[in-house]
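Here's the structure we're looking at; comments come further down.
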Amino acid sequence: SFQNEINEVPFFDIQLPYELALKIFQYLGKTELGRCAQVSRTWKVLAEDEVLWYRLCQQEGYLLDMSISDHSCWKLALKNCRARERTLKTNWKNRIGAVSQLQYELGKILCDVHSCDGVVIAGYTSGEVRLWDTRTWDYTAPILEPMHGPGDAGPQPRVSFVRINSSLAVAAYEDGMVSVWSLMFGREPIHRYQHNQRIQALALGSEGVTVATASGFEVKVESPNDRGFWQTTQTFEIQKLVNFLNLVPDVTGSPVTVAAAEDIVYLLKAEDPGKVLHSVYGQPVTCLDVSAHEAAFGVKTFGWLLNEPNQILLYNLETSQCLKKMGNSMGDFTCVNLQNSPPNMLVTGNKDRRVRVFDLRKSESLCSFYAHQLGVSAVQMDDWKIVSGGEEGLVCVWDQRMGTKLWEMHARHPVRHVWFNSHSLITANIPDDKTPRGASITDDDLTAHRKHRGIIYAYEFSVDQLAVESVLPICRSSYDEVTGYNYNIGLAVPYDNI
C-alpha cells in the first residue's frame, strides 16, 4: 500500500498525484520542509525530494555550476555548504588561516599590483612583470617575458600599470609601450602597441579581451577581431588629461569606456565619440568606478567657497542621468568600489580617514568608520564585512553591521590594492617613492632594499586547505629570515610531529 500512497499523496482528505504535491511543496523553505517531513512517511519522502533541495541550494547561491545528478543527497550538500560558510566567516573574524608574502627579490621596487580570482600580477621598476596563482599551494612566480626587439639592449623601462582578468594580463610601461599576454599560452606577449607619451591610465574589462589606455589627450581601445588578430578598434580625442579609465562590464557589441579627465567625465562609445557624462568647471573628479549600468565617482568641490562639500555622484550609463548625489564630507573621496559591492550598495574611502557605506536608494551613508590615520587608499565590501587599506600602511577588516574593527595588519607602505573573495584576501603595499635616496638600492644591499621595495600578502582562510598534512605557505620560506609576530594565524610547521 506504501507504493500506492506515494503515487497518490494523502493531502488531508483528498488524494493528489505526486507531481502536484511536489509543486505545492516547492513554495516551502528549509524549516517548513523539515516540519513536513515529520508528518508521515509519505510526506517525509516528499519533503526530502532531491528536486526541492537542489532548487533550495541554487536559490541560496551554492553549487550553481552543478546539475541535479551531481549529488545523491542535496539536503546534505546544502547543509555542508552552509557549515563551510559559517566556518569561513569565523575564520575571517578571528583571523585563522595562513598568510604568505609574495616575494620577488630581484624585482627592485613594486610599481603596481592587480588580481583576479586569486591570480596576482605585479610590475616592478626593473621592468619585470610577475604572476602568482595563489589558488595552488606550490606557487612560484613566472616572469612574463617582454618582447625583445634587436635594439632593446640596456635597462628596461619600469612598469607603470598592470591589470589582469580571467584570460589576459596587461602591463603598461613608462615609455608608452603596452604588452598583452594570454593566460592560456606561454609567457610571450600576444600583442603590443605603443603610445607616443606616458600612459596615465590602463583599463581591462573584468571579463572579455578588451584593453583601453589613455596617454596624452588620446584614449585607445584595442581588441582582437573575429579571426583573433588584434587591432585598434577605437581612438578618442579628449580635451584634457585622463586621470581614471574604466571599461563598462557586460557590454554586447563594441566596448564602452568611461574616462575621467580632470573635471569632465566622458562616456566613450563608437557611435557617440565625445559624449560628456558630467562636467562642472573647476570641480575635479577624485576617484571612479563603473558597474554594468552605472558609474560612481567622487567630485572635489570648493567647500570653503561655495559651501558645497565633496560628494559621490552616481550616473546611469544608459540614460546619462545623475541618479544620486551622496555624502557631504570636507575631505576628498579617494576610492570608490561599486562593481564588487552587493546590489544597491557602494563603499568609499576618503582623505578625512573615514570609510563610508552608501545605500544607492538613500543619500546619507549607512555607516561611517574612522578607519585610518592618514587617508583611505583602497576599499572593498561584501554583505557582512569591509576591508580597507590606508596611506599609512594599515589593512583593516571591519564587521559592517556592528561597525567594529575585527583585526588589522601593518606594513610600511601605502595600501594600493585590496581584493578578497569568500576564502582569500590579497593586499599590496606599494611605495610612493620608486627611487629612494639615502640607501644605495643595489643588489648587495638587501636590508635597505627590503625596507623600500613594497610587499604583497596573500591570506587563505579556507577550511579545506588547513588540513594538517598540507604544507602551509609559511613553510615554503627558507627559514633564513626571522618573522617576529604570530597574531592568531594558525601556523603548522612540517616537522611539528616527528
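The values are calculated or read from the model by the stated rules, or taken from the named source; none is laboratory data. Source: prediction; values computed, not measured. Virtual Cβ from ideal backbone geometry, glycine too; neighbours counted across all protein chains shown. Note: areas computed on protein heavy atoms with side chains; ligands, DNA, RNA excluded. Shrake-Rupley method; radii C 1.70, N 1.55, O 1.52, S 1.80 Å.
Points to keep in mind about this one:
- Against the test of being touching a Ser or Thr at 6+ places or on another chain (Cβ under 9 Å), touching a residue at least 12 places away in the same chain (Cβ under 8 Å) and among the basic types (Lys, Arg), the options 30, 75, 108 yield a single qualifying residue, 108.
- Test: residue in segment 102-114 that is modelled with pLDDT under 90, under 24 Å from residue 340 (Cβ atoms) and in the same structural domain as residue 202 (by the TED database): yes
- Filter pass, residue 55 being in a helix (DSSP H, G or I), open to solvent by 10 Å² or more (accessible area, probe 1.4 Å), out of contact with any Asp or Glu (no Cβ under 9 Å at 6 or more places or on another chain) and without any contact (Cβ under 8 Å) to a residue 40 or more places away in the chain: yes
- Elements of the type strands (runs of 3 or more DSSP E) sitting completely within segment 188-283 and holding at least 1 residues that are among the aromatic types (Phe, Trp, Tyr): these cover 191-194, 230-237, 244-247, 264-268.
- The residues of segment 177-215 that are of a type in the set (Gly, Ala, Ser) and at pLDDT 90 or above, listed by number, are 179, 182, 201, 203, 212, 214, 215.
- Single unsatisfied condition, residue 94 versus (1) surrounded by 15 or more Cβ atoms within 10 Å (Cβ to Cβ); (2) polar (S, T, N, Q); (3) at pLDDT below 90: (1)
- For segment 403-425, the set of residues classified as part of a loop (DSSP other than H, G, I, E, B) and crowded, with 20+ Cβ neighbours inside 10 Å consists of 413, 414, 423, listed by residue number.
- All told, residue 390 meets the bar of being at pLDDT 95 or above and either within 17 Å of the chain's Cα centre (by Cα) or not assigned by the TED database to the domain that holds residue 87 (or both).
- Qualifying residue in segment 26-38 (condition: assigned by the TED database to the domain that holds residue 72, surrounded by 13 or more Cβ atoms within 10 Å (Cβ to Cβ), of a type outside the set (S, T, N, Q) and in contact with a Pro (Cβ under 9 Å, 6 or more places away or on another chain)): no
- Residue 185 being surrounded by fewer than 16 Cβ atoms within 10 Å (Cβ to Cβ), in the same structural domain as residue 133 (by the TED database), within 20 Å of residue 287 (Cα to Cα) and aromatic (Phe, Trp, Tyr): no
- Of all residues in segment 61-83, those being surrounded by 14 or more Cβ atoms within 10 Å (Cβ to Cβ) and modelled with pLDDT under 90 number 4.
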